[in-house]
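Working notes, structure below.
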Amino acid sequence: MAVCIMHVENFKIFCDLVESQSFSRAAKLNGITQSAVSQQLRAMEKHFNVLIVDRSQKQFRLTREGGKLYDSAKDLLHMYDKLVSDLQEMKKVISGTIHLSTIYSIGLHELPPYIKHFLQEFPTVNVRVEYRRSNLVYEDVLQNAVDMGLVAYPTKMRQLEVIPFLEDHLVAVCSPDHPLAKNKSITLDELAGHKYIGFDPDIPTRKATDSVFRELKLDIEPVMEFDNIETVKRAVEIDAGVSLLPSATVIQEIKQGLLASVPIKGQKLSRPLAIIHRKGRVLTPAMKRLISLLTSKNMLKTKEAA
């Protein structure tokens, strides 16, 4: 039995190496050294008596035999994962570890009540959450470094399954001392006369707001740019400018009187959030239950009531 498990792990390391095209990344994903990954590759080449990686090329490239081995290794790992999942289903076991990668705003503001509810119901499940920039969430999911990801404005990709999670909306946010704070609502063109604080250009929320500004022919350029929502909020708190932020992310600051939010009239700025995982990935019973909770309308009602 130990030999069988060792072989499954060998195939897992090999697939991680092929998909990341990086010995260091494959080593990190499996908690081993780069040297151990190289040794595993040489051992596989010796076992099958074929050359798997074309070492004459500067870039990582599989030989024809290596490509065949990779396809078969993926099938084998899929069958093994499905077997483990099916056995857990038969025993009605909800346990194990779920590894999530999420952007900061979702991880800090949207996800916590769901995770709390899930762990109360399934205390034997360990949920690990990584906070990442949006592009790195996609990278984590595509390279099988995590089980699932949570993103805003999901990008459709052939390799990804996208499951709608929530739909947030953007509001104008400013310091309570800012002239806009006294308004019951504003139009987007009213922002044009004020200093604007935005996200970095590669952040999905920034791309979405820039698109709206272009559509309305508004000349709004950020005086400051940041890569995460918490830093944007701190800049707005000190009255360095105004911003457009997801309403759910500023609830606490508004309650504490640190920020003021002003609804946008005449323009619906929705922010879709989604769960992503690799297509064809075997979902364990625990992962299925978490996805079910995240997409539950009853849980959403409970969250809104709170």
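The values are calculated or read from the model by the stated rules, or taken from the named source; none is laboratory data. In this text the structure is predicted, and so the values were computed from the model without any measurement. Positions of Cβ are backbone-derived with ideal geometry, glycine not excepted, and every protein chain shown enters the neighbour counts.
Hand me the list of strands (runs of 3 or more DSSP E) wholly inside the stretch 223-290 holding 1 or more residues that are among the charged types (D, E, K, R). I'd like the intermediate steps shown before the answer.
Details: elements: 224-226, 243-246, 260-262, 270-278.
Output list reads 224-226, 270-278.
Results for (1) modelled with pLDDT of 95 or more; (2) of a type outside the set (A, V, I, L, M); (3) under 30 Å from residue 157 (Cβ atoms), shown as yes or no for each residue.
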{"position": "218", "(1), (2), (3)": "no, no, no"}
{"position": "229", "(1), (2), (3)": "no, no, yes"}
{"position": "235", "(1), (2), (3)": "yes, no, no"}
{"position": "243", "(1), (2), (3)": "yes, yes, yes"}
{"position": "277", "(1), (2), (3)": "yes, yes, yes"}
{"position": "280", "(1), (2), (3)": "no, yes, yes"}
{"position": "283", "(1), (2), (3)": "no, no, yes"}
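For residue 101, are the conditions met, namely being surrounded by fewer than 16 Cβ atoms within 10 Å (Cβ to Cβ), under 30 Å from residue 204 (Cβ atoms) and of a type in the set (Gly, Ala, Ser)? It would help to see each step written out before you state the result.
Values: surrounded by fewer than 16 Cβ atoms within 10 Å (Cβ to Cβ): no; under 30 Å from residue 204 (Cβ atoms): yes; of a type in the set (Gly, Ala, Ser): yes.
No, not satisfied.
Per-residue answers, yes or no, for (1) more than 16 Å from residue 8 (Cβ to Cβ); (2) of a type outside the set (Lys, Arg); (3) at pLDDT 90 or above:
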position	(1), (2), (3)
45	yes, yes, no
68	yes, no, yes
87	no, yes, no
91	yes, no, no
95	yes, yes, no
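What are the residues in the stretch 122-149 that are in contact (Cβ under 8 Å) with a residue 60 or more places away in the chain, among the aliphatic types (A, V, I, L, M) and under 18 Å from residue 202 (Cβ atoms), if any?
The first filter runs over the stretch 122-149 and keeps only residues in contact (Cβ under 8 Å) with a residue 60 or more places away in the chain, leaving 122, 125, 127, 133-135, 137-138, 141-145, 147-149.
Filter once more, keeping what is among the aliphatic types (A, V, I, L, M): 125, 127, 137, 141-142, 145, 148.
Within the stretch 122-149, 137, 141, 142 meet the criteria.
The set of residues in the stretch 118-139 that are touching a Leu at 6+ places or on another chain (Cβ under 9 Å) and buried (at least 16 other Cβ atoms within 10 Å of the Cβ) comprises 118, 122, 125, 127, 129, 131, 137, 138.
Tell me the residue from 162, 137, 151 that is at pLDDT 95 or above, under 15 Å from the mean Cα position of the chain (by Cα), assigned to a helix (DSSP H, G or I) and aliphatic (A, V, I, L, M), please. The conditions single out 137. If I filter the stretch 1-17 for residues that are closer than 29 Å to residue 283 by Cβ, among the small types (Gly, Ala, Ser) and over 26 Å from the mean Cα position of the chain (by Cα), do I get at least one hit? Taking every residue of the stretch 1-17 in turn, at least one turns out to be closer than 29 Å to residue 283 by Cβ, among the small types (Gly, Ala, Ser) and over 26 Å from the mean Cα position of the chain (by Cα).
Are any of the residues in the stretch 253-265 under 30 Å from residue 75 (Cβ atoms) and surrounded by fewer than 18 Cβ atoms within 10 Å (Cβ to Cβ)? Write out each step before concluding.
From the stretch 253-265, those under 30 Å from residue 75 (Cβ atoms) are none; that's our starting set.
Within the stretch 253-265 (the criterion being under 30 Å from residue 75 (Cβ atoms) and surrounded by fewer than 18 Cβ atoms within 10 Å (Cβ to Cβ)), the answer is no, since none of the residues qualifies.
Filtering the stretch 67-121 to residues that are more than 30 Å from residue 232 (Cα to Cα), touching a residue at least 40 places away in the same chain (Cβ under 8 Å), out of contact with any Ser or Thr (no Cβ under 7 Å at 6 or more places or on another chain) and of a type in the set (Gly, Ala, Ser) leaves only 73.
Only one residue in 56, 72, 85 is in the same structural domain as residue 29 (by TED's automatic domain parsing), outside any helix (DSSP H, G or I) and either polar (S, T, N, Q) or closer than 23 Å to residue 164 by Cβ (or both). Which one?
Values: 72 fails: outside any helix (DSSP H, G or I); 85 fails: outside any helix (DSSP H, G or I).
Unique residue meeting the criteria: 56.
Regarding residue 101, is this residue outside any helix (DSSP H, G or I), small (Gly, Ala, Ser) and either out of contact with any His (no Cβ under 7 Å at 6 or more places or on another chain) or at pLDDT 85 or above (or both)? The answer is yes for residue 101.
Suppose we filter 77, 41 for residues that are surrounded by 12 or more Cβ atoms within 10 Å (Cβ to Cβ), of a type in the set (A, V, I, L, M), in contact with a strand residue (DSSP E or B) (Cβ under 9 Å, 6 or more places away or on another chain) and in a helix (DSSP H, G or I); which single one remains?
On the way: 77 fails: in contact with a strand residue (DSSP E or B) (Cβ under 9 Å, 6 or more places away or on another chain).
Going through 77, 41 in turn, just one is surrounded by 12 or more Cβ atoms within 10 Å (Cβ to Cβ), of a type in the set (A, V, I, L, M), in contact with a strand residue (DSSP E or B) (Cβ under 9 Å, 6 or more places away or on another chain) and in a helix (DSSP H, G or I): 41.
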